[in-house]
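The values are calculated or read from the model by the stated rules, or taken from the named source; none is laboratory data. What you see is a predicted model, and the numbers here were worked out from it, not measured in a lab. Neighbour counts run over all protein chains shown; Cβ positions are idealised from the backbone, glycine included. Note: areas computed on protein heavy atoms with side chains; ligands, DNA, RNA excluded. Shrake-Rupley method; radii C 1.70, N 1.55, O 1.52, S 1.80 Å.
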Amino acid sequence: EYPIRLEKGSRAAALYGKNLVVERHRHRYEVNPKYHAALTRAGLVLSGRMAGDKRLVEFIEIPSHSFFIATQAHPEFSSRFMRQHPLFLGLIDAAVKEKGAQKKLA
């Protein structure tokens with residue numbers, strides 16, 4: 001388990017309801033710090049970073065998308081039937097809203 005600092009105002013922070021979370025993960029990939037600024041200018045939000053190491057990105061988001069959050073964490077390890085992980089709840093909520101929006105257009 002590792003502490004992750006979420007950006008204030010990010011969708012991840014809104015879903016978790018806090019800015020510091022602890023998640024399990026195994027690092028296999030990394031967003032190269034050399035490209036952080038360019039990715040941010042292009043609209044990608046680096047919304048979560050390893051607490052204590054601002055270079056190591058744990059969460060990314062695309063705010064213009066109905067639900068795009070990617071993480072190196074494994075929310076499936078802590079999600080339970082009666083205590084669902086906030087990222088899964090957010091995904092389901094976004095899917096329901098998207099389906100409702102599509103029905104209104106039809």
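How much of the accessible area of the chain, probe 1.4 Å, is carbon plus sulfur, in whole percent? The partial results should precede the final answer.
Working: 4290 of 7440 Å².
Answer for the chain is 58 percent, counting heavy atoms of protein chains only.
Working note: 222 nm ellipticity from helices only, DSSP H runs with n ≥ 4, each -39,500 (n - 2.57), summed and divided by the residues of the chain, gives -9000 deg cm²/dmol to the nearest 500. Shape analysis of segment 41-106 places it in the oblate category; the axes a ≥ b ≥ c from the Cα gyration tensor give an a/c of at least 1.5, with a/b not above b/c. Among 60, 69, 92, the largest mean-square fluctuation in a Gaussian network model of the chain (Cα springs under 10 Å) belongs to 92.
Once you mark the GluC sites (Glu not before Pro) that are in a DSSP loop and have at most 11 other Cβ atoms within 10 Å, what is the longest gap between them in the chain? Counting at most 11 other Cβ atoms within 10 Å as exposed, the longest clean stretch of the chain is 31-106. Only lysine pairs 8 or more places apart, or on different chains, with alpha-carbon atoms under 26 angstrom apart are counted in the chain, and they number 7.
Place a label point 7 angstrom from the Cα of residue 77 along the Cα-to-Cβ direction, then list the residues of segment 2-32 whose backbone nitrogen is under 19 Å away. Counting only backbone N, you get 2-6, 16, 20-31.
Between 41, 28, 49, which gets the highest mean-square fluctuation from a Gaussian network model of the chain, Cα cutoff 10 Å? Result for the chain, Cα springs under 10 Å: 28 fluctuates most. Helix 86-105 versus the longest principal axis of the chain: what angle, 0 to 90°, nearest 10, using Cα atoms? Value to nearest ten degrees: 40. A 1.4 Å probe run over the protein chains yields, for the chain, 70 Å² of accessible area per residue, whole-number rounding.
Which residues does the label zone of residue 65 cover in segment 87-101, counting backbone N under 11 Å from a point 7 Å along Cα→Cβ? No residue passes the distance filter.
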